[in-house]
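Below: one structure, written as structure tokens.
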Amino acid sequence: MNILNYLEIIQVQRHDFLNHLQVISGLLQLNKVERVREYINQVGLEIAHASKTSRVKIPEVSLALLYCLNEAAKYQVEVELTVNSDFSACGAPGSVIGQAIEQLVDCALDTIFSPEVARRRLEIVFNETDKKYNCRLLFPEPVQSDLRRFENRLASVGELVSPHGGRVNMAIANSGIEIFLIFPRKDVKAG
């Protein structure tokens, strides 16, 4: 996890904030009050979407998700983030989970950015069961994808997470690639 990536996120957010204020000011000068309301609602939805990153109770994962949203915006990729679990009892270190998510999203964005992919969309879903946590990434498969290169990148993520009981699985179905990043829950000791 690179601190420069997070400084960039702060700079982008500051720039976006100032840009939003300028747009609102301009619309008010033109007396377009209804358009101001619409714009503020749109910005509110964007902020609410980004705030989903804080639902995960592991700071390194929240930062990794902010990084992912920032990188996706650079690639003009739409991200749908669903957080059904806060990962609070995950058995792997936060730094490992965050790094694995960053690497998988980078890999996904490289794949999605191919010219033959028409709809650039990435879905990230956090879930849990009684025994494990998982992060699922779903994105379109490019027509001429180089799966060997892709699988090599997944293998390096597997090597990162396996010492902590984690694993990476990939499936290709319905013209999409689905990656599961799976981690065990912490052992709860009866006291």
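For the subset of the stretch 51-66 comprising residues that are outside any helix (DSSP H, G or I) and in contact (Cβ under 8 Å) with a residue 40 or more places away in the chain, which member is least open to solvent (accessible area, probe 1.4 Å)?
V56
Taking the stretch 87-107 as the region of interest, how many residues are within 14 Å of Y67 (Cβ to Cβ), of a type outside the set (S, T, N, Q) and open to solvent by 20 Å² or more (accessible area, probe 1.4 Å)?
1
If you scan the stretch 130-163, which residues turn out to be open to solvent by 60 Å² or more (accessible area, probe 1.4 Å) and either outside any helix (DSSP H, G or I) or modelled with pLDDT of 95 or more (or both)? Write out each step before concluding.
The initial filter retains those residues of the stretch 130-163 that are open to solvent by 60 Å² or more (accessible area, probe 1.4 Å), namely 130-132, 143-144, 146, 148-149, 151-153, 159, 162-163.
D130, K131, K132, V143, Q144, D146, E159, S162, P163 - these are the residues of the stretch 130-163 that are open to solvent by 60 Å² or more (accessible area, probe 1.4 Å) and either outside any helix (DSSP H, G or I) or modelled with pLDDT of 95 or more (or both).
Scan the stretch 10-31 residue by residue and report those that are surrounded by 14 or more Cβ atoms within 10 Å (Cβ to Cβ) and over 17 Å from L69 (Cα atoms).
Those that are surrounded by 14 or more Cβ atoms within 10 Å (Cβ to Cβ) and over 17 Å from L69 (Cα atoms): H20, V23, I24, L27.
Taking the stated definitions as given, is A48 of a type in the set (G, A, S), open to solvent by 20 Å² or more (accessible area, probe 1.4 Å), in contact (Cβ under 8 Å) with a residue 60 or more places away in the chain and over 27 Å from A155 (Cβ atoms)?
Considered against the rule, which asks whether it is of a type in the set (G, A, S), open to solvent by 20 Å² or more (accessible area, probe 1.4 Å), in contact (Cβ under 8 Å) with a residue 60 or more places away in the chain and over 27 Å from A155 (Cβ atoms), A48 comes out as no.
Can you spot a residue in the stretch 19-36 that is touching a Pro at 6+ places or on another chain (Cβ under 9 Å) and assigned to a loop (DSSP other than H, G, I, E, B)?
no
Could you tell me which residue of the stretch 67-120 is modelled with the highest pLDDT, considering only residues that are of a type in the set (D, E, K, R), in a loop (DSSP other than H, G, I, E, B) and more than 25 Å from E159 (Cα to Cα)?
R120
The values are calculated or read from the model by the stated rules, or taken from the named source; none is laboratory data. Keep in mind that this is a model prediction, so the values were computed, not measured. As a convention, Cβ positions derive from the backbone with ideal geometry for all residues, glycine included, and neighbour counts pool all protein chains shown. Quick note on the areas: whole protein, heavy atoms, side chains included, nothing else; ligands and nucleic acids left out. Shrake-Rupley method; radii C 1.70, N 1.55, O 1.52, S 1.80 Å.
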